[in-house]
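**Q** Encoded as structure tokens, here's the structure I'll be asking about.
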Amino acid sequence: MSRGTLPIRLIAIDLDGTLLRSDGTVSARTRAALTSVHTTGVATVIVTARPPRTVRLIAREAGLGGLAICANGALIYDLANEAVVSHVLLGAEISRRLIGALREAVPGVCFAVEAGLHYGQDPAYAIDSPHLEDADLRLDDACALCAEGVTKLIVRQRDWPLDDLARLISELVGASATVTQSGAPFVEVSAPGVTKAAALAALCAERGIDAAEVIACGDGLNDLPMLEWAGWAVAVANAHPVVLAAADEIIAANDEDGVAIVIESVVRSP
């Protein structure tokens, strides 16, 4: 099957490393392509590990509206009304138990927490990662930050390889949480069953859109479930090798307007 034979109704697009250039901006060509595709009736949906507070700024720059799938699928955000539509929480007991186990097993480990529209760091994380943009920041002990359910727990240890840290966390949480990597220098832990694919599938089901009518574009390991679910999986040339191997189509890199080229081809399709 080729992409040209598919009836496309929705394009799901990752942000970092995919839609965004390496400097974090949206190119003029990409903005123009997004404007053009909206006139065809084909929907575009952001699907990202990012939280709403930074997604809404990028969406404004890109001219995107509607719903955005944030936090690897844990939260769906209405960009126009600036409101949370749905939210799947990682339980407080699981988070706090994991924090305790990691503090015993991994010297120097530190934590941050996404909780809906809010963000918190423990003091060690704040020292390790002092620069933070546009955040409603709370500084406190990680267990205190997880006194209630959270969107996701972020785990960092600068001296540990991320794959090793992710593997250890997966062993500790088992089926009680979802462990992901998004290309950032930390590991993310969400509620069980939370993936970009699950959130995208639910959103499409509400609109009567089948997986075969969806193009998904991504670059990272956290994009894999979404790419496997969609009818046509697109990886930018700068994607992780595992993502490149899973893609139906490999496009130009994020700094070479790969996503814009895909969108333009959809606009040209009959």
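The values are calculated or read from the model by the stated rules, or taken from the named source; none is laboratory data. Just so we're clear, the structure is a prediction, and the values are computed from it rather than from any experiment. FYI the Cβ positions are ideal-geometry reconstructions off the backbone, even for glycines, and counts take in every protein chain you see.
**Q** Here are some conditions: (1) farther than 25 Å from Thr178 by Cβ; (2) of a type in the set (D, E, K, R); (3) at pLDDT 95 or above. Arg60 meets all but one. Which one does it not meet?
**A** Just one mismatch for Arg60, condition (3).
**Q** Could I ask something else about it? If the requirement is being more than 25 Å from Thr18 (Cα to Cα), of a type in the set (Ser, Thr, Tyr) and not assigned by TED's automatic domain parsing to the domain that holds Trp232, which of these qualifies: Ser176, Ser182? First the steps, then the outcome.
**A** Details: Ser182 fails: more than 25 Å from Thr18 (Cα to Cα).
Answer to the selection: Ser176.
**Q** Of all residues in segment 19-64, count the ones that are under 22 Å from Leu203 (Cβ atoms), surrounded by 15 or more Cβ atoms within 10 Å (Cβ to Cβ) and small (Gly, Ala, Ser).
**A** Counting residues in segment 19-64 that are under 22 Å from Leu203 (Cβ atoms), surrounded by 15 or more Cβ atoms within 10 Å (Cβ to Cβ) and small (Gly, Ala, Ser) gives 5.
**Q** Now, a different point. Restricting segment 231-252 to residues that are of a type in the set (A, V, I, L, M) and closer than 21 Å to Ser36 by Cβ, which is surrounded by the most Cβ atoms within 10 Å (Cβ to Cβ)? Show your work before the answer.
**A** Start the filter on segment 231-252 by keeping residues that are of a type in the set (A, V, I, L, M), which leaves 233-237, 239, 242-247, 250-252.
Subset that is closer than 21 Å to Ser36 by Cβ: 234, 236, 251-252.
Values: Val234: 29, Val236: 27, Ile251: 21, Ala252: 15.
Residue satisfying both the conditions and the ranking: Val234.
**Q** Check Tyr119 against each of (1) under 21 Å from the mean Cα position of the chain (by Cα); (2) surrounded by fewer than 17 Cβ atoms within 10 Å (Cβ to Cβ); (3) at pLDDT below 95; (4) not in a loop (DSSP other than H, G, I, E, B) and name the one condition it does not meet.
**A** Of everything listed in (1) under 21 Å from the mean Cα position of the chain (by Cα); (2) surrounded by fewer than 17 Cβ atoms within 10 Å (Cβ to Cβ); (3) at pLDDT below 95; (4) not in a loop (DSSP other than H, G, I, E, B), Tyr119 misses just condition (2).
**Q** For Glu206, only one of the following conditions fails: (1) outside any helix (DSSP H, G or I); (2) exposed (fewer than 15 other Cβ atoms within 10 Å of the Cβ); (3) not aromatic (Phe, Trp, Tyr). What is its number?
**A** All conditions are met except number (1).
**Q** Regarding Val189, is this residue in a strand (DSSP E or B) and modelled with pLDDT of 95 or more?
**A** Working: in a strand (DSSP E or B): yes; modelled with pLDDT of 95 or more: yes.
Considered against the rule, which asks whether it is in a strand (DSSP E or B) and modelled with pLDDT of 95 or more, Val189 comes out as yes.
**Q** I've got another one for you. Could you list all residues from segment 222-234 that are touching a strand residue (DSSP E or B) at 6+ places or on another chain (Cβ under 7 Å), under 20 Å from Cys70 (Cβ atoms) and in contact (Cβ under 8 Å) with a residue 40 or more places away in the chain?
**A** Correct list: Asn222, Met226, Ala230.
**Q** Ala12 versus (1) over 20 Å from Ala247 (Cβ atoms); (2) part of a strand (DSSP E or B): which is the lone unmet condition?
**A** The failed condition is (1).
**Q** Next question. Any idea which residue in segment 30-55 is modelled with the lowest pLDDT, counting only those that are within 22 Å of the chain's Cα centre (by Cα) and hydroxyl-bearing (Ser, Thr, Tyr)?
**A** Thr54
Conditions (1) over 24 Å from Ala211 (Cα atoms); (2) of a type in the set (D, E, K, R); (3) part of a helix (DSSP H, G or I), marked per residue:
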{"position": "Val26", "(1), (2), (3)": "yes, no, no"}
{"position": "Arg29", "(1), (2), (3)": "yes, yes, yes"}
{"position": "Leu34", "(1), (2), (3)": "no, no, yes"}
{"position": "Val37", "(1), (2), (3)": "no, no, yes"}
{"position": "Thr44", "(1), (2), (3)": "no, no, no"}
{"position": "Arg50", "(1), (2), (3)": "no, yes, no"}
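Residues are listed down the side, and each one gets a yes or a no for (1) part of a strand (DSSP E or B); (2) surrounded by 15 or more Cβ atoms within 10 Å (Cβ to Cβ):
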site: Ala144; (1), (2): no, no
site: Glu148; (1), (2): no, no
site: Asp159; (1), (2): no, no
site: Leu165; (1), (2): no, yes
site: Glu171; (1), (2): no, no
site: Val179; (1), (2): yes, yes
site: Pro185; (1), (2): no, no
site: Ala197; (1), (2): no, yes
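**Q** Right, next: What's the number of the only condition in (1) part of a loop (DSSP other than H, G, I, E, B); (2) touching a residue at least 12 places away in the same chain (Cβ under 8 Å); (3) over 19 Å from the mean Cα position of the chain (by Cα) that Arg96 fails to meet?
**A** (1)
**Q** Something else now. Select from segment 52-82 the residues that are part of a helix (DSSP H, G or I) and in contact (Cβ under 8 Å) with a residue 60 or more places away in the chain and list them in ascending order.
**A** Across segment 52-82, the qualifying residues are Pro52, Arg53, Thr54, Leu57, Ala71, Asn72, Gly73.
**Q** Could you check Gly73 against (1) in contact with a strand residue (DSSP E or B) (Cβ under 7 Å, 6 or more places away or on another chain); (2) small (Gly, Ala, Ser); (3) buried (at least 22 other Cβ atoms within 10 Å of the Cβ) and say which number it fails?
**A** All conditions pass for Gly73, except number (1).
**Q** Pairs under 7 Å by beta carbon, first residue among the polar types (S, T, N, Q) in segment 194-216, partner part of a helix (DSSP H, G or I), six or more apart or different chains?
**A** Partner pairs satisfying both residue conditions: Thr195/Asn72; Thr195/Gly73; Thr195/Pro225.
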